[in-house]
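This report concerns only the one structure given below.
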Amino acid sequence: MKPLIIGSRGSKLALWQANHVKSELQKQGIDSEIKVIKTKGDVIQHISFDKIEGKGFFTKEIEQALLDKQIDLAIHSHKDLETTQPEGLTIAAVPKRADPSELLLINKNSVDHLQSFSLKKSARVGTSSVRRKSQLLFFRPDLKVEPLRGNVPTRIKKCEEDFDAIILAKAGVDRLGIDLSGFEVQVLDPTIFVPAASQGALAIQIREHDHEVKRAVDALNHDLTNEVVGVERKILQLLGGGCQIPLGIYVEKKEQHYKTWISKQVNEKLLQTYFEHFKLDTLLKHAKTVYAAPSSSQQNRVLYFTKPIKESNPAYQLLKNAGIEVNVKPLLKAQFLDFTVDLSLYTWVFFSSKNGVDSFFSKIKDRAALTPLKIGAIGRDTAAAVKAHGYAVDFFGTQTSTEQSAIEFSQHIKPNQKVLFISCETSNRTVQKRVQRPNYDEIKAYKIEPIEQHIHVDHHQAIAFLSPSGVRSFVQAKNTISTQAQVFCIGEKTRKQAEELLNVIPQNIHRSYCPTIQSLSQAIVGAFS
């Protein structure tokens, strides 16, 4: 067999991808060489992606070379391809996907951990992706998002000189092995900041009936990646997507279920959803129902939210954007408990909630005793509460990964240091478990008590519970709920409590993918709409 000719763009990232495939072919004893082909997207650098007419402007010239038999196979970033293959061409293999997440690179003088994405207020962010722009401005309306083009190293250089931050695909940065030590690096969770369909995946494209090349590349295919990327691209095609549309799609397949996140701007409002379906046809039908129909058709849906939530909270805005009327009905309240403590015994005081902060400062009269202490906190609301009392936070952990924050905090504690944890009476003690005894003490500074609310949830309505105790409070207050009502729960323990205590059909009791209010809102919009 003569050496195969691999067609590729000439950027460093494209050549890495082509050389990766070349290396994998070599492992099978197949020789190949790379031919660089310049595309329309390489030539046009002065305007943003969404202003260039047509689709596939990083691929068409390479595809034509493949049709003209100048090359034997083409290597593409899968997200650059049109959803419909040109006549005579096919995707023969999809190698294992790299991390699909977005990477936010922040200049270190532009970091503010109390803000979303740890980015200071009114920061200038560079991106030419309308999808990234729509999500950035949804979460942070104060940001100034400006066009940014060029290859990966060029964009990183521009970040140093012209921007407070930029967004890049993590896969590209990882593949090039770029040193990012000069930046604050935020990996954006793909279930919250939803990436482009097939981001992080490569596509090996060949002529449709070239069976010899097909056999050569078969071993490079990763079945699971091929399947989930295929689902993402089916949704992309269904919703009329492309780089010109603010549409993000991310799919995982676990236990034979397609777990799917979609972010799309509809009528100038961002909708984000989480779906979980066993059958692909059902998933596609569900996605079309939510996103293809005007949002006005989703009006007159009422949701009872059982915890206070600010209208400025993105989770609240997601619900409103979907035409869901939110009635806030708190079922629980915090009662501060009395305690005394000798703060001179400790190096750290650690908070895991705003209630913990407020209960602690309500009892501490000698503020001078706090001066030598370091303060740790999990979650931006907790850290903001510390700041509101006039103190800085020395350790900040993200609320979306309490376990990881616990590990990181334990690594900050030196052998001779002691920690005072300020906890709820029913705390799960996630962080405490990571700290060695006798290096900490714990104060139960507050407890949660039920509020008697009168709620009736009928079959057209829904209710969201954020804890098992919220479900118990709902029942103890003799509230009523239709068997056909929709119930949304923030975690598995809450879902199980709802199943045990509520007379609702099981298929109408839903759980968020992870225990955050943002994730809960995605599940509500996905199922309730």
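Throughout, read-outs are computed from the coordinates displayed, never taken from laboratory work. What you are looking at is a predicted structure, and each value in this text was computed from that prediction instead of being measured. Cβ atoms come from the backbone with ideal geometry, glycine included; neighbour counts cover every protein chain shown.
The long axis of helix 354-363 is offset from the longest Cα principal axis of the chain by roughly 30 degrees.
Can you put Lys157, Lys35 in order, fewest other beta carbons within 10 Å first? Intermediate results must be reported in sequence, preceding the final value.
Working: Lys157 12, Lys35 15.
The most exposed by this proxy come first: Lys157, Lys35.
The angle between the Cα long axis of helix 517-528 and the main principal axis of the chain comes to about 70°, on a 0 to 90 degree scale.
Give me D for region 334-449 in µm² s⁻¹, whole number, from Stokes-Einstein with Rh from the Kirkwood sum over alpha-carbon pairs, 25 °C and 0.890 mPa s. Working shown, then result.
On the way: Rh = 14.0 Å.
Estimated diffusion coefficient is 175 µm²/s.
Among the listed options (i) 46, 29, 21; (ii) 35, 29, 22; (iii) 52, 24, 22, the one matching semi-axes √(5λ) of the Cα gyration tensor in Å as calculated from these coordinates is (i).
Going by a ≥ b ≥ c, the root eigenvalues of the Cα gyration tensor, does region 213-355 fall in the rounded group (a/c under 1.5), the prolate group (a/b larger than b/c) or the oblate group? Working shown, then result.
Working: a/c = 2.96, a/b = 1.58, b/c = 1.88.
Judged from the Cα gyration tensor, region 213-355 comes out oblate (a/c at least 1.5, b/c at or above a/b).
How would Thr84, Thr340, Thr430 line up from fewest to most surrounding beta-carbon atoms within 10 angstrom? Let's see the in-between values first.
Values: Thr84 10, Thr340 6, Thr430 13.
Lowest count first: Thr340, Thr84, Thr430.
By its C-alpha gyration tensor, with a ≥ b ≥ c as the square roots of the eigenvalues, how is region 93-237 shaped: rounded for a/c under 1.5, else prolate for a/b larger than b/c, else oblate?
prolate
The alpha carbon centroids of region 499-529 and region 102-181 are separated by 33 Å.
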